[in-house]
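Take a look at the structure set out below.
The values are calculated or read from the model by the stated rules, or taken from the named source; none is laboratory data. Remember, it's a predicted structure, so these values are computed and weren't measured experimentally. Positions of Cβ are generated from backbone atoms using ideal geometry, with glycine treated the same way; all protein chains shown enter the neighbour counts.
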Amino acid sequence: MSKLRHYLCVLTLMVGILPHPAGAVALRDRLAGRLLLDVEHYGACWYVNPLTRERYSLGRPDEALAVMRQLGLGISNVDLAKIPELGAPVGDAALTTRLAGRILLAVEAHGEAWYVNPVDLRRYYLGRPADALRIMSGLGLGITSADLAMIPMALPPLLGAEYSEQTIVTASGSFAAKIARFDRSRYEIMTLTDGQQDCVADCPAQPLLNYFNAVPDAVAAIHGSYFCPPDYPACAEKAYSFLWPVLDSATKAFLNEDQLKYHERTLVTATADGGLHLYRNAKTDFGWSLAEHEAATGERVTAALGNYPALMANGQVVVDSEPTLDDGQRNNKGARGGIGWNGNSVWLVLTSAATVPDLARVFQTLGATDAMNLDGGGSSALIWRGSYKSGPGRLLPNAIVIRPRSLSTP
C-alpha cells in the first residue's frame, strides 16, 4: 500500500463515512461535485462530476491531470475573484452556487486549476501536488465500496459490449428491461462461488460487487442460481445453501457435482473454445461428472451453473413445457433475471413485473436462441462496469461475471 493511499484511508476516519442511501439516484444527486474516498480500498479518491453525476478516478497524478483537463471549465480572473477562497468574505453568491463542485481553469493565469467545494462554497487551489493532496484528504468524504458502486463510472465505450434500459415489446406484453449485451468473440462467461465446497447450512455468501471486483477487467456481473435466503423462515437451518451444480471458474472447484446424478434441470456451460451450451436435463444430457463429460466431448469446461427452468433452446421458447416450471414462476409478476445467447451475442437481462415465461419472450425478442432463468426477486442484482444498475439485493453464494476473452487461460 502506498503511503499516500494509507494516509488518505486514515483520514476518512476524520471526515466520516457516508450512510447507505435510499436510492442510487438520490445518492448521485446528493454527492454531485464531491470528492470521495473509498474506505475499503485504501482511500482511493474519486470526483463526482456535477453535470453528469458520473465518478472519475483521481488515483494517479496522470488521472487527476486528465480529469482537470477534460472537465475543467475556463474562467476569467475577474470571475474567479468573485468566488471566495477559504477565510475570504462572501463573493458573488449566485455565481459561486452555480459553479459549486466544478473544476475551474484560470485561462488568464496559465490554466491554474481550482476546485469549488459544494459544502462550504469556497475555492481551493489544485495546482501543485502538495495542494492537491491537502484538498483530497481535507475535503474528501469517506464512502463504502458498495455505496460508491451506486455511482456510475465515467468510462470510454467498450468494443462489442453495451448496456441499455429498454421497454421490450413481446407477444405477451411490454416489459421494462435492463440489458447488458456482449459480443461472444470478445467476452467470456465466468461462474463464481463464495465457498469452495458443498454446503448445506450457513454457507458463505457475499455482495455481487465482491464477485465483480475479484475478476481483473470484469465488465459486468449478475446474480446466479436460486438459493435459500436467510430471511425465509424455511431457510433458518440452511441459509445461503443451494442444490444446483456450479463450477467456480477461478478455482475449478465444482460445488454440488454429485447432484449431476439427480439434476433433471437446466445446466449452462461455457468451454475454453468459446462454446456456450444449454442442457435442459443435466442428468441425461451432460453426464454424472465433469471428468466424464470432458472425456466424452473433448471439451474443457470453464464455467457451469445449474438452475431452472430453461427459457429457450435451439431458437425455440421451451419454458411453457418445462416440467420444472412451478405455479409461482408461471403466474407471479416480479423481478426476473436470466442469461441467454445466440451465435454472436450474450445477454444478461433483468426485467420487472414479469413472470418467467414473460422473461423467455423478452429473450426471444432480443434474438436469443438459448436462455436460462436465474434467481430473481430480492436477490436481483446487475453490475455494469463497476456500478450497480440494480441491487445490491441479498448476499449471494454464486454469481456470473463477464470479462474480456483475452484474459482467458489458454
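A compact table of results
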item	result
Total residues in the range 57-86, condition surrounded by fewer than 17 Cβ atoms within 10 Å (Cβ to Cβ) and either aliphatic (A, V, I, L, M) or touching a His at 6+ places or on another chain (Cβ under 8 Å) (or both)	6
Spans of strands (runs of 3 or more DSSP E) in the range 349-410 with at least 2 residues within 13 Å of PHE212 (Cα to Cα) and either free of Cβ contacts under 8 Å to residues at least 40 places away in the same chain or touching a strand residue (DSSP E or B) at 6+ places or on another chain (Cβ under 8 Å) (or both)	382-384, 387-390, 398-404
Helices (runs of 4 or more DSSP H) lying entirely in the range 52-109 (those with 3 or more residues that are outside the structural domain of GLY33 (by TED's automatic domain parsing) and under 16 Å from ALA132 (Cα atoms))	none
Restricting the range 244-266 to residues that are surrounded by fewer than 19 Cβ atoms within 10 Å (Cβ to Cβ) and among the aliphatic types (A, V, I, L, M), the residue that is nearest to the chain's Cα centre (by Cα)	ALA250
Criterion (buried (at least 18 other Cβ atoms within 10 Å of the Cβ), in contact (Cβ under 8 Å) with a residue 60 or more places away in the chain and within 25 Å of GLN166 (Cα to Cα)) met by exactly one of VAL319, VAL346	VAL346
Selection within the range 319-348 - assigned to a strand (DSSP E or B) and not charged (D, E, K, R)	GLY334, ALA335, GLY337, GLY338, ILE339, GLY340, TRP341, SER345, VAL346, TRP347, LEU348
Enumeration of residues in the range 158-180 that are surrounded by fewer than 20 Cβ atoms within 10 Å (Cβ to Cβ) and β-branched (Val, Ile, Thr)	THR167, VAL169, THR170
Candidates LEU126, LEU95, LEU155, filtered to the one that is surrounded by fewer than 16 Cβ atoms within 10 Å (Cβ to Cβ) and touching a residue at least 40 places away in the same chain (Cβ under 8 Å)	LEU155
Options ALA201, ALA154: the member that is in the same structural domain as ARG403 (by TED's automatic domain parsing) and of a type outside the set (Ser, Thr, Tyr)	ALA201
Among the residues listed as LEU359, LEU395, LEU374, LEU305, the single one being among the aliphatic types (A, V, I, L, M), out of contact with any His (no Cβ under 8 Å at 6 or more places or on another chain), in the same structural domain as HIS277 (by TED's automatic domain parsing) and closer than 26 Å to MET153 by Cβ	LEU395
Some residue of the range 317-333 being within 21 Å of the chain's Cα centre (by Cα), on the phi < 0 side of the Ramachandran plot and in the same structural domain as ASN281 (by TED's automatic domain parsing)	no
Leading residue by the ranking (farthest from the chain's Cα centre (by Cα)) among those in the range 267-313 that are under 19 Å from VAL349 (Cα atoms) and surrounded by fewer than 19 Cβ atoms within 10 Å (Cβ to Cβ)	ALA313
Residue tally, condition buried (at least 16 other Cβ atoms within 10 Å of the Cβ), among the aliphatic types (A, V, I, L, M) and over 16 Å from GLY393 (Cα atoms), over the range 192-213	1
Test: ARG336 is crowded, with 20+ Cβ neighbours inside 10 Å, over 20 Å from ARG181 (Cβ atoms) and touching a Gly at 6+ places or on another chain (Cβ under 6 Å)	no
Some residue of the range 126-144 being under 19 Å from ALA66 (Cβ atoms), of a type outside the set (Asp, Glu), modelled with pLDDT of 85 or more and more than 26 Å from the chain's Cα centre (by Cα)	yes
